[in-house]
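Colleague: Pasting a structure below so you can have a look.
The values are calculated or read from the model by the stated rules, or taken from the named source; none is laboratory data. What you see is a predicted model; the values in this text were computed from it and never measured. Methodologically, a virtual Cβ is constructed for each residue, glycine included, from the backbone with ideal geometry; neighbour enumeration extends over all protein chains shown.
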Amino acid sequence: MLDISELSRKSGVPASKLRYYEEVGLIRSVGRKGLRRVFDDAVLPRLALIALGQAAGFSLAEIRDMLGEERRPRIDRDMLSDKADALDRHIEELSALRDGLRHAASCTAPSHLECPTFQRLMRIALARQGTRERGRNKARVASKSEGSRRVDGT
């Protein structure tokens, strides 16, 4: 058994984040020692899975769903494959952006605005920003909808 400060020290996860993880259902304490939460040692691999999921870009809700309530995670292989595909697309986009910036840095055009490659880079950046904004707006609407369902119990 580990109290929250020991768990924080062993895992490197701040106690405030551990409390939040417990609040959102990612981990569960097994009791209290005085005022401090106490956790089973089995929470350490769970914290490692949470860190891996976050590094891969999964939301905490997605991670919670994959970890489930039991000791054994229910990791959806299709979801992992989809995330890997999304990471591949993101890597391609970042590589193209890097290449465009390298070109702009060495471009011989009198002005970057006169360089066709730089103009294309600006168009791509503007299109990506619009796509991100639409995605954020969808997420906000979904979040508000989810919040109202939790509040009224539906």
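Colleague: Which residues, counting only those in the stretch 78-95, are in contact with a helix residue (DSSP H, G or I) (Cβ under 8 Å, 6 or more places away or on another chain), without any contact (Cβ under 8 Å) to a residue 24 or more places away in the chain and closer than 27 Å to Arg123 by Cα?
Modeller: none
Colleague: Restricting the stretch 68-86 to residues that are of a type in the set (D, E, K, R) and modelled with pLDDT of 90 or more, which is nearest to Leu52 (Cα to Cα)?
Modeller: Top of the filtered list is Lys83.
Colleague: Determine whether the stretch 143-151 contains at least one residue that is exposed (fewer than 10 other Cβ atoms within 10 Å of the Cβ), within 19 Å of Ser59 (Cβ to Cβ) and either modelled with pLDDT of 70 or more or not small (Gly, Ala, Ser) (or both).
Modeller: Yes: one or more hits.
Colleague: I need a count of the residues in the stretch 1-32 that are surrounded by 13 or more Cβ atoms within 10 Å (Cβ to Cβ), assigned to a strand (DSSP E or B) and of a type outside the set (Asp, Glu).
Modeller: 1
Colleague: For the stretch 89-106, check the following and say yes or no: at least one residue is under 13 Å from the mean Cα position of the chain (by Cα), more than 19 Å from Leu18 (Cβ to Cβ) and surrounded by 12 or more Cβ atoms within 10 Å (Cβ to Cβ).
Modeller: no
Colleague: Answer yes or no: is there a residue in the stretch 86-93 that is at negative phi and touching a Leu at 6+ places or on another chain (Cβ under 9 Å).
Modeller: No - not one qualifying residue is present in the stretch 86-93.
Colleague: Can you tell me which of Arg102, Arg134, Arg140, Arg89 is more than 21 Å from Ala56 (Cβ to Cβ), at pLDDT 80 or above and in a helix (DSSP H, G or I)?
Modeller: So the residue among Arg102, Arg134, Arg140, Arg89 that is more than 21 Å from Ala56 (Cβ to Cβ), at pLDDT 80 or above and in a helix (DSSP H, G or I) is Arg102.
Colleague: Let me ask something else. Could you run through the stretch 52-81 and say how many residues are part of a helix (DSSP H, G or I) and surrounded by 14 or more Cβ atoms within 10 Å (Cβ to Cβ)?
Modeller: 9
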